[in-house]
Amino acid sequence: MATSDRVVTVQGREQLDALLADYDRVLVMVRTAGCTICQSMAPILDTVARATDAAVVEFNPREDLDAVADLGVRSVPTFLLFVDGDEVDRRADGFVPTAELVAFVDGP
């Protein structure tokens, strides 16, 4: 499926799994509403969505805490990169500059 040039927000694992099935390459930022670093990443995610072939997703699992455990997320923001539905890489080191995040998405 063709990717969108905008960030998609999902609230639960079901929505996330549907996107993983629909797109070849998906960048997921796991976030929480009160995370200031996550908020500062919003314009960077917009740029990544336009600059790469990946679908870019913000996932706030507030309604689906089991998804946090399933994905092994221990801090926010956590960036998960999926290719063909499989997780191939992750970053959980806070703020990521635009060029680094684009390289991360285009990498493996």
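The values are calculated or read from the model by the stated rules, or taken from the named source; none is laboratory data. Keep in mind that this is a model prediction, so the values were computed, not measured. Glycine gets a Cβ as well: all are built from the backbone with ideal geometry, and neighbour counts include every protein chain shown.
Does the range 35-51 include one or more residues that are under 13 Å from the mean Cα position of the chain (by Cα), outside any helix (DSSP H, G or I) and not aliphatic (A, V, I, L, M)? No, every residue in the range 35-51 fails to be under 13 Å from the mean Cα position of the chain (by Cα), outside any helix (DSSP H, G or I) and not aliphatic (A, V, I, L, M). Residue count for the range 93-108, restricted to those that are surrounded by fewer than 15 Cβ atoms within 10 Å (Cβ to Cβ) and part of a loop (DSSP other than H, G, I, E, B): 6.
Please specify each residue of the range 53-70 satisfying the condition of being at pLDDT 95 or above and either in a loop (DSSP other than H, G, I, E, B) or more than 17 Å from Thr9 (Cα to Cα) (or both). Across the range 53-70, the qualifying residue is only Ala54. Every test in (1) in contact with a helix residue (DSSP H, G or I) (Cβ under 8 Å, 6 or more places away or on another chain); (2) in contact (Cβ under 8 Å) with a residue 60 or more places away in the chain is passed by Asp84 save one, and that test is (1). Looking only at residues of the range 1-50 that are over 24 Å from Ala69 (Cβ atoms), touching a helix residue (DSSP H, G or I) at 6+ places or on another chain (Cβ under 6 Å) and modelled with pLDDT under 95, we find that the one that is surrounded by the fewest Cβ atoms within 10 Å (Cβ to Cβ) is Met1.
Go through the range 55-89 and count every residue that is under 17 Å from Gly107 (Cβ atoms), hydrophobic (A, V, I, L, M, F, W, C) and surrounded by fewer than 19 Cβ atoms within 10 Å (Cβ to Cβ). Before you say what the answer is, go through the steps one by one.
From the range 55-89, those under 17 Å from Gly107 (Cβ atoms) are 55-56, 78-84, 86-89; that's our starting set.
After this cut, where a residue has to be hydrophobic (A, V, I, L, M, F, W, C) as well, the list is 55-56, 79-83, 88.
When the remaining residues are screened for being surrounded by fewer than 19 Cβ atoms within 10 Å (Cβ to Cβ), the result is 83, 88.
The number of residues fulfilling the criteria is 2.
Of all the residues in the range 84-93, those that are more than 12 Å from the chain's Cα centre (by Cα) and over 20 Å from Gln11 (Cβ atoms) number 4.
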